[in-house]
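Participant: Here's a structure for you.
The values are calculated or read from the model by the stated rules, or taken from the named source; none is laboratory data. Remember, it's a predicted structure, so these values are computed and weren't measured experimentally. Cβ placement follows ideal geometry from the backbone for every residue including glycine, while neighbour counts extend to all protein chains displayed.
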Amino acid sequence: MRLLEDILVIDFSQFLSGPSASLRLADMGARVIKVEKPSTGDICRYLYVSDTRIEGESTIFHAINRNKESYAADLKEANDLRKIKELIQQADVVIHNFRPGVMKRLGLDYDTVKALNPSIIYGEISGYGNEGPWKDLPGQDLLLQSVSGLTWLSNNANTNPTPMGVAVVDIVAGTHLAQGILAALYQQIQTGEGALVQVSMLESILDFQFEVLTCFYNDGEQLPVRSAVNNANAYIAAPYGIYKTLNGFLALSMTNIVALGHIIQCKDLLVYTEPAEWYNRRDEIKSIIADCLIAKTTDEWLAVLRLKDIWCAKVLDYEMLMQEKGYQCLQMELEVQTSAGLTVKTTRCPFKVDGQLLTSGKGAPVLGEDTCAINQQFGIQ
């Protein structure tokens, strides 16, 4: 299913945030031409997140650049820049995630591009926005997690600030950019007008925390306080958290503490009859629950709790997850093939349309492999 068929995206972005936005557009059927520097290409090709390499390049590059084409061009070289401008004149969308000012120095800022193509949708991701004292700082995921307050929400109260174990800021910023571009494309269809779509990684990760920040704004600016025991959300009462069992771990969501006490046969919980106590005394309540749950296996507790409609789940690692029918029936795994014939397994686009998966078998491109074909197709000399 090609929902965005005939939409041409010229993507100058590198590494994760911008390429994640163009990946989602590609999943929806847009044609994405990735512009890369000759010889070196996107830094993501060689910036590893593990020691696993695919065709000598990083796994993350192959995961996030599938279903795209690669056009090699040195934007500091006049002839290459001319060719890129010719390509932009025939495009619908331009994306970049350079620091503020970089595209202007290259002669590809929004005003210049709009003069070339008035209906262009110009999407850009920055680290901290285009104004203020932080605008020139590096927009790197861990750094944004740190300055945004996010790291004070995970782990227990007596531990250090703890980042999430995935590049959440990059991915959320890419999602927001894709959303903005889709809205602008709708406007473009209705009016013929282009648009400048801007998002910063800081704005994205602040929006990601809208629930807890709204509490902070409206609670006398009281800082969130993590539980000392099994913290999972600074604003949610016991039993919310992950508990060790006889053979693994069990996640418990929100529920009535007295009812839980009856179900798991823990008399010590029956005295907490006031809902306010479930928050104000959550650490002692969680400690009692932890002492109780360690006595049986995870599956034994699931059988008891689910029978009474208590919200709970087994805590799985990837290996365990792959064995579950609940995972297998989703068909989340996607196999793509590179131009060299190598098969790469990754994840697919997460949504369906009219019951259909949005999939493509095309892997990430070799650096510059589509340059000649694109030049010929678009009449670029």
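Participant: Among the residues of the range 112-155, write down those that are small (Gly, Ala, Ser) and touching a residue at least 40 places away in the same chain (Cβ under 8 Å).
Facilitator: Taking the range 112-155 and keeping what is small (Gly, Ala, Ser), we get 115, 119, 123, 126-127, 129, 132, 139, 146, 148-149, 154.
Residues satisfying the conditions are SER119, GLY123, SER126, GLY127, GLY129, GLY139, SER148, GLY149, SER154.
Participant: Please enumerate the residues belonging to the range 314-363 that are under 24 Å from CYS44 (Cα atoms), touching an Asp or Glu at 6+ places or on another chain (Cβ under 8 Å) and of a type outside the set (Ser, Thr, Tyr).
Facilitator: Answer for the range 314-363, where residues must be under 24 Å from CYS44 (Cα atoms), touching an Asp or Glu at 6+ places or on another chain (Cβ under 8 Å) and of a type outside the set (Ser, Thr, Tyr): ALA340, LEU342, VAL344, LYS345, ARG348, CYS349, GLY361.
Participant: Would you check which residues across the range 284-313 are within 18 Å of ALA234 (Cβ to Cβ) and in contact (Cβ under 8 Å) with a residue 60 or more places away in the chain and list them?
Facilitator: Once the filter is applied, which keeps residues that are within 18 Å of ALA234 (Cβ to Cβ) and in contact (Cβ under 8 Å) with a residue 60 or more places away in the chain, the range 284-313 yields nothing.
Participant: Does TRP301 meet the test of being over 16 Å from LYS244 (Cα atoms) and among the aromatic types (Phe, Trp, Tyr)? Write out each step before concluding.
Facilitator: Working: over 16 Å from LYS244 (Cα atoms): no; among the aromatic types (Phe, Trp, Tyr): yes.
So TRP301 does not fit the description; no.
Participant: Just give me the residues in the range 122-147 being closer than 18 Å to GLN198 by Cβ and among the polar types (S, T, N, Q), in sequence order.
Facilitator: Passing the criteria: SER126, ASN130.
Participant: Moving on. Just one of the numbered conditions (1) in a loop (DSSP other than H, G, I, E, B); (2) under 27 Å from LEU321 (Cβ atoms); (3) more than 24 Å from the chain's Cα centre (by Cα); (4) among the hydrophobic types (A, V, I, L, M, F, W, C) is not true of VAL225; which one?
Facilitator: Condition not satisfied by VAL225: (2).
Participant: I'm trying to understand the selection: among the residues of the range 253-307, which are part of a helix (DSSP H, G or I) and of a type in the set (Asp, Glu)? So that I can check it myself, show each step before the final result.
Facilitator: Residues of the range 253-307 part of a helix (DSSP H, G or I): 257-263, 267-269, 275-280, 282-293, 298-307.
Of everything in the range 253-307, those that are part of a helix (DSSP H, G or I) and of a type in the set (Asp, Glu) turn out to be ASP268, GLU277, ASP283, GLU284, ASP291, ASP299, GLU300.
Participant: Oh, and also: Given the criteria under 30 Å from ILE285 (Cβ atoms), out of contact with any Gly (no Cβ under 6 Å at 6 or more places or on another chain), modelled with pLDDT of 95 or more and not assigned by TED's automatic domain parsing to the domain that holds GLN14, does LEU150 qualify?
Facilitator: On the way: under 30 Å from ILE285 (Cβ atoms): yes; out of contact with any Gly (no Cβ under 6 Å at 6 or more places or on another chain): yes; modelled with pLDDT of 95 or more: yes; not assigned by TED's automatic domain parsing to the domain that holds GLN14: no.
In short, no.
Participant: Further question on the same structure: Filter the range 239-261 down to the residues that are among the polar types (S, T, N, Q) and within 13 Å of TRP311 (Cα to Cα), then identify the one that is surrounded by the most Cβ atoms within 10 Å (Cβ to Cβ).
Facilitator: The initial filter retains those residues of the range 239-261 that are among the polar types (S, T, N, Q), namely 245, 247, 253, 255-256.
Remaining after also requiring within 13 Å of TRP311 (Cα to Cα): 253, 255-256.
On the way: SER253: 14, THR255: 20, ASN256: 16.
Residue satisfying both the conditions and the ranking: THR255.
Participant: Working carefully through the options TYR71, TYR110, TYR128, find the one that is among the aromatic types (Phe, Trp, Tyr) and closer than 27 Å to GLU369 by Cα.
Facilitator: After ruling out the rest, the residue left standing is TYR71.
Participant: Of all residues in the range 89-106, how many are surrounded by fewer than 20 Cβ atoms within 10 Å (Cβ to Cβ) and within 30 Å of the chain's Cα centre (by Cα)?
Facilitator: The first filter runs over the range 89-106 and keeps only residues surrounded by fewer than 20 Cβ atoms within 10 Å (Cβ to Cβ), leaving 89-90, 98-102, 104-106.
Subsequent filtering for residues that are within 30 Å of the chain's Cα centre (by Cα) retains 90, 98-102, 104-106.
Number of matching residues: 9.
Participant: Mind checking whether some residue in the range 207-220 is of a type in the set (S, T, N, Q) and touching a Ser or Thr at 6+ places or on another chain (Cβ under 6 Å)?
Facilitator: Taking the range 207-220 first, the residues of a type in the set (S, T, N, Q) are 209, 214, 218.
Within this subset, residues satisfying the condition of being touching a Ser or Thr at 6+ places or on another chain (Cβ under 6 Å) are none.
Scanning the range 207-220, I find no residue that is of a type in the set (S, T, N, Q) and touching a Ser or Thr at 6+ places or on another chain (Cβ under 6 Å), so the answer is no.
Participant: Something else now. When you scan the range 115-132, do you find a residue that is part of a helix (DSSP H, G or I), in the same structural domain as ALA173 (by TED's automatic domain parsing) and not hydroxyl-bearing (Ser, Thr, Tyr), even just one?
Facilitator: yes
Participant: Given the residues SER339, SER287, which is the only one that is under 32 Å from the mean Cα position of the chain (by Cα) and not assigned by TED's automatic domain parsing to the domain that holds ARG53?
Facilitator: Details: SER287 fails: under 32 Å from the mean Cα position of the chain (by Cα).
Criteria check complete, one pass: SER339.
Participant: Say we look at the range 151-167 and pick out the residues that are of a type in the set (A, V, I, L, M) and touching a Leu at 6+ places or on another chain (Cβ under 8 Å); which of these is farthest from ILE120 (Cα to Cα)? First the steps, then the outcome.
Facilitator: Initially, the range 151-167 is screened for residues of a type in the set (A, V, I, L, M), giving 153, 157, 164, 166-167.
Keeping just the survivors that are touching a Leu at 6+ places or on another chain (Cβ under 8 Å) gives 164, 167.
Values: MET164: 36, ALA167: 29 Å.
Among residues in the range 151-167 that are of a type in the set (A, V, I, L, M) and touching a Leu at 6+ places or on another chain (Cβ under 8 Å), the one farthest from ILE120 (Cα to Cα) is MET164.
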